[in-house]
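Contents: one structure, followed by commentary.
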Amino acid sequence: MGYSPSTQPKSGLEDRFGRHITYLRVSVTDRCDFRCVYCMAENMSFLPRRDLLTLEELDRICSAFVSRGVRKLRITGGEPLVRKNIMSLFRSLSRHLESGALEEVTLTTNGSQLKRFAHDLRAAGVRRINLSLDTLDPDRFRSITRWGKLETVMDGLDAADAAGLKVKINTVALKGVNEDEFNNLIRFTHERGYDLTFIETMPMGDVDGDRTDQYLPLSVVRERLMDHWTLQESDYRTGGPARYVTVAETGGRVGFITPLTHNFCESCNRVRLTCTGTLYMCLGQNDKVDLRAPLREGAGDEGLHAAIDEAMLLKPKGHDFIIDRKTRKPAVARHMSVTGG
Ligand code: SAM
Ligand code: SF4
């Protein structure tokens, strides 16, 4: 791997609303070793391997975006660390960190494989990771993730600390499931020096169950937290959609990602690449362009860049997440594990 684009420098990426695209999220697999209840059905059918971008194709597309001014890459999935040979992609992308073209490569993970990979990730230039953790109770962890084991993830966190990776914890707020644990999660994460971000459930893809049952507005979460903690408004931003507060008692930060109740589209700087090479312009809309086709049809860099330019014209002004109350079906049919959360 290590393909270098041969073309002249290209212009940066700007959409019709003047937003500069500097952040690419990349799903490297739709597979996962967990089956979180809000994310996947227990019996998922996964994509045939030939449909997935190869690691070389992933590198080539990422590099094309870097040459167009993308400064941040986030590797996600599915569970990115279950993709075979995934470390070779991280190692290959690190050349853009070394050249200064890329500011950072980050990872979103469930932590199951972190014990094995934390050190190598750090060596490949990764400095920050997001780890999804919805509960600190082993039984509950098993019932939320269906297949996961809390202890393994805790070992992964220890390995991340030992490797010097900065960790942020993402917790999906689930009504009637983990809402009694939020104070504990704040204590746990802040004691370990991690930020904690709460995420509202997003209606993406069919799961086994009724999503309107899982939905817990973060406005409610925030109100409840204020009974226990002093939340100070913070202008801290990570370039993502989270809004942060500082908890006076711990000095740590808590973020809120509220796609359903709050619109963060006006500052959106990101696009998402699926593991099959479809570029989605918005997590909550279906505007997309296929980048795999030009690659597999042998198009040179010009063809790839032309497809990326075409995609920029499609980025919508905002999103439209709805759970249809009659059908109880999500407005966006694809699973988060395909687009990458
Ligand atoms: N497997 C990795 C993980 O769990 O972190 C990366 C992929 S996962 C799809 C990325 C993030 O999306 C996780 O934090 C997960 O909790 C979140 N997520 C998945 N489905 C969701 C949904 N329907 N609503 C809100 N967040 C969701
Ligand atoms: Fe897997 Fe992450 Fe989805 Fe859970 S949220 S099933 S860990 S992809």
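Here are the numbers for this structure:
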read-out	value
Checking Lys166 against (1) out of contact with any helix residue (DSSP H, G or I) (no Cβ under 7 Å at 6 or more places or on another chain); (2) more than 16 Å from ligand 2 (Cβ to nearest atom); (3) within 19 Å of Ala41 (Cα to Cα), the condition it does not meet	(3)
Candidate set: the range 65-99, residues that are more than 16 Å from ligand 2 (Cβ to nearest atom) and of a type in the set (A, V, I, L, M); chosen: the one farthest from Arg270 (Cα to Cα)	Met87
Of all residues in the range 27-57 being in contact with a strand residue (DSSP E or B) (Cβ under 9 Å, 6 or more places away or on another chain) and among the β-branched types (Val, Ile, Thr), the one that is surrounded by the most Cβ atoms within 10 Å (Cβ to Cβ)	Val28
Test set (1) within 16 Å of ligand 2 (Cβ to nearest atom); (2) farther than 22 Å from Thr29 by Cα - Thr145 fails condition number	(2)
Residue satisfying all of: in the range 183-230; among the polar types (S, T, N, Q) and either part of a helix (DSSP H, G or I) or at pLDDT 95 or above (or both); farthest from Phe256 (Cα to Cα) among these	Thr212
Filter result for the condition that a residue is surrounded by fewer than 18 Cβ atoms within 10 Å (Cβ to Cβ), within 28 Å of His190 (Cβ to Cβ), modelled with pLDDT under 95 and of a type in the set (Val, Ile, Thr), over Thr250, Thr261	Thr261
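The values are calculated or read from the model by the stated rules, or taken from the named source; none is laboratory data. Nothing here was measured: the structure is a model prediction, and the numbers come from that model. FYI the Cβ positions are ideal-geometry reconstructions off the backbone, even for glycines, and counts take in every protein chain you see.
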